[in-house]
1. Is it the case that the range 86-93 has a residue that's more than 24 Å from GLU186 (Cα to Cα) and assigned to a helix (DSSP H, G or I)?
2. Quick check on the range 111-165: of everything there that is touching a residue at least 24 places away in the same chain (Cβ under 8 Å), small (Gly, Ala, Ser) and over 29 Å from ILE353 (Cα atoms), which residue is least open to solvent (accessible area, probe 1.4 Å)?
3. Given (1) outside any loop (DSSP other than H, G, I, E, B); (2) under 22 Å from the mean Cα position of the chain (by Cα), identify the lone condition not met by GLU332.
4. Quick test of your reading of the structure: HIS106 fulfils all but one of (1) closer than 30 Å to THR238 by Cα; (2) crowded, with 23+ Cβ neighbours inside 10 Å. Name the failing condition by number.
5. When residues of the range 10-30 are filtered for being open to solvent by 20 Å² or more (accessible area, probe 1.4 Å) and among the hydroxyl-bearing types (Ser, Thr, Tyr), how many remain?
6. Can you list residue pairs whose Cβ atoms sit under 9 Å apart, with the first residue in the range 331-350 being without any contact (Cβ under 8 Å) to a residue 12 or more places away in the chain and the second being polar (S, T, N, Q) and in a helix (DSSP H, G or I)? Count only pairs 6 or more apart in sequence or on different chains.
7. Yes or no: GLY275 more than 17 Å from ASP8 (Cα to Cα), in contact (Cβ under 8 Å) with a residue 12 or more places away in the chain and in a helix (DSSP H, G or I)?
8. For the range 33-52, what are the residues that are in contact with a helix residue (DSSP H, G or I) (Cβ under 8 Å, 6 or more places away or on another chain) and crowded, with 18+ Cβ neighbours inside 10 Å?
Amino acid sequence: MQTGLYLDYCATTPLHPRVLKAMQLGLERDFGNPSSMHLYGRKARQLVEEARNQVAAGIGSSPEEIIFTSGATESNNLALSGTLHQLAPKKNHLITTAIEHHAVLHCAEALEKDGFQLTILPVDASGLVSADDLLNSIQPDTGLISIMMVNNEIGTLQDLRPLTEIAHENGILFHTDAVQALPCLEVDVQSLGVDLLSLSGHKIYGPKGIGALYLKAGTALQPSFYGGSQENKLRPGTENVPGIIGLGTAMSLRTGNLASRRAHLQDLRETLIRGLKEINPGCSINGCAEQLSPHVISVSFQDTDGELLLFHLSQEAVAVSLGSACTSEDLEPSHVLSAIGLPPEQIAGTVRISLGEPTTPQEIERFLNILPAALKRAAVK
């Protein structure tokens, strides 16, 4: 019996067996509350701090700068809302971009409704932000700039260092959503020059429901909610110990094979794009060819209904997406594809194929064998 073909690793990744094993110990044996003073609590606290060290090592930070959260959405919200509420009323202006994840954009829009000022920067046809546009958008009351590292729909990699330098030259904090950079790219907070960075467990073969916020030492935040003293009082509540163990293990595994994973994905990407162009010579690959994360391929097929294509591929047990999984039930055109200037008919024929560490050349070949018939059925008459 033919098994399914999973090519939607940007949406989520399978749990690595070593992550599962580590989490099982946290669930079954080391079940104590990390805030308890007895033996069981101290053991759980030790595991939480070991994971904090692993996450910190994976992004070049100090362990004290890692705040565990429920995922990147919470990390993004805490970064934006926590920073601006801490700096207000002196600094109440936020700058972000038109291609951010909705966890940033919707939070930014909510802040604007609460009286904060918001500037949304445009991007070019490749999804890149202009340093000049950023510089020109800065106001005396600008408190935070939030620009994602790798776009989750088109894979464009922003050159963040010049942008963080502009921010710091003007006394402004800088946040980045690095969720889609972590699967296969170097992420070092010192090299990037960021003050805050969001990450998620389930994009790097860890569990869902766990993430972290890097908060540079000396940067103050206002908590989003209140309770106990956990996570430096910035994320109160009993820690998700098994999830934290899983995140730490996943970060450690990621660091150990990053270069080979990136090379593997780049080879697969090149094979896939060659095949796509042979099958559909008029198709176009979206994003920046020179600055990208190799696991994300956004492809626009001419005269094709993307939703129908997705349906027919799903009938063959092939998993791809139209864009972000968080908006898969939203019939509105992709805000990312609109922002890079694609016309509606091209957006309508666009799908995202995302690769992972388990993806094989044989799976790429199988997908390319299935695709022509699905394209024919999804053709716009």
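1. Checked against the condition, which is being more than 24 Å from GLU186 (Cα to Cα) and assigned to a helix (DSSP H, G or I), the range 86-93 yields at least one hit.
2. Per the criteria, the residue is GLY143.
3. Failed condition: (1).
4. (2)
5. 1
6. What qualifies is PRO344/SER338.
7. Answer is yes for this residue.
8. Within the range 33-52, PRO34, ALA44, LEU47, VAL48, ALA51, ARG52 qualify.
The values are calculated or read from the model by the stated rules, or taken from the named source; none is laboratory data. The shown structure was predicted, so the numbers you read here are calculated from the model rather than taken from an experiment. Reconstructed Cβ throughout: ideal geometry from the backbone, glycine too, with neighbour counts over all protein chains shown. Ligands, DNA and RNA are stripped out before the accessible areas are found, and what is left, the full protein with its side chains, is counted by its heavy atoms. Shrake-Rupley method; radii C 1.70, N 1.55, O 1.52, S 1.80 Å.
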